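Report on one structure; see the data block that follows.
The values are calculated or read from the model by the stated rules, or taken from the named source; none is laboratory data. For clarity, every value in this text was computed on a predicted model and none was experimentally measured. Cβ atoms come from the backbone with ideal geometry, glycine included; neighbour counts cover every protein chain shown.
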Amino acid sequence: MKFYSSLVCSAPQQLLLCLSLLLPAAAAWAHEGHEAAPKPVAAGPADQGAPQRFALSSANYELVGVLKGQELRLYLDHAADNRPVQDAQLSLELGGQQLKPEPHGEAGEFELALAAPPKPGIWPIQALVQSQGRSELLKGKLEITSPSPAAAPAGHKFGPGLAAALLGAIALAALAWRGSRRLVARKNGVSA
């Protein structure tokens, strides 16, 4: 008989045990598409560290530019098969300013340091490609977005539901502890 009485829990202890078994299920409530995590923020301006990208293309060439701060990297490929253009010369006009990118790294890669990061807005851009006796003008626009509000730091956002569950678990633990003290006191004949 003594063995069975040691297995029986008081009502608050049983409630605490049931709730503790349900806590892992609370984490599964937020599934893909329903997380409480902050949404990704759109890319900010080039001077904020988020790279701005543009692409210019024609029948023969594709030029991709990546602007990060004052550094502009350009990648020139053949439009037909995406091979880098060998021995090409490139001239660039950005917002009315003539620029001369220098070859850098592998074939088809160019680099340019701007005097200052461009301000937010839409900038007209033209590139003159000269390769193997052929010249071609590529035109397009570079859109630099306005500064966006600071993004919340990555990580898990604890909501009020989790705080309420935690407080409820603490309250139940306190009730179970108090109930177990009363049970021990009754067995010993002491009033609690």
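Determine, yes or no, whether ALA152 is modelled with pLDDT of 85 or more and either surrounded by 13 or more Cβ atoms within 10 Å (Cβ to Cβ) or under 29 Å from the mean Cα position of the chain (by Cα) (or both).
no
Among the listed residues PRO24, PRO40, identify the single one that is in a helix (DSSP H, G or I), modelled with pLDDT under 90 and of a type outside the set (Lys, Arg).
PRO24
Which one is farthest from LEU94 (Cα to Cα), of the residues in segment 122-138 that are more than 36 Å from the chain's Cα centre (by Cα) and of a type in the set (S, T, N, Q)?
So, considering only residues that are more than 36 Å from the chain's Cα centre (by Cα) and of a type in the set (S, T, N, Q), the one farthest from LEU94 (Cα to Cα) is GLN132.
Does segment 104-120 contain any residue that is modelled with pLDDT of 90 or more, more than 19 Å from ARG73 (Cα to Cα) and of a type in the set (Asp, Glu)?
No - not one qualifying residue is present in segment 104-120.
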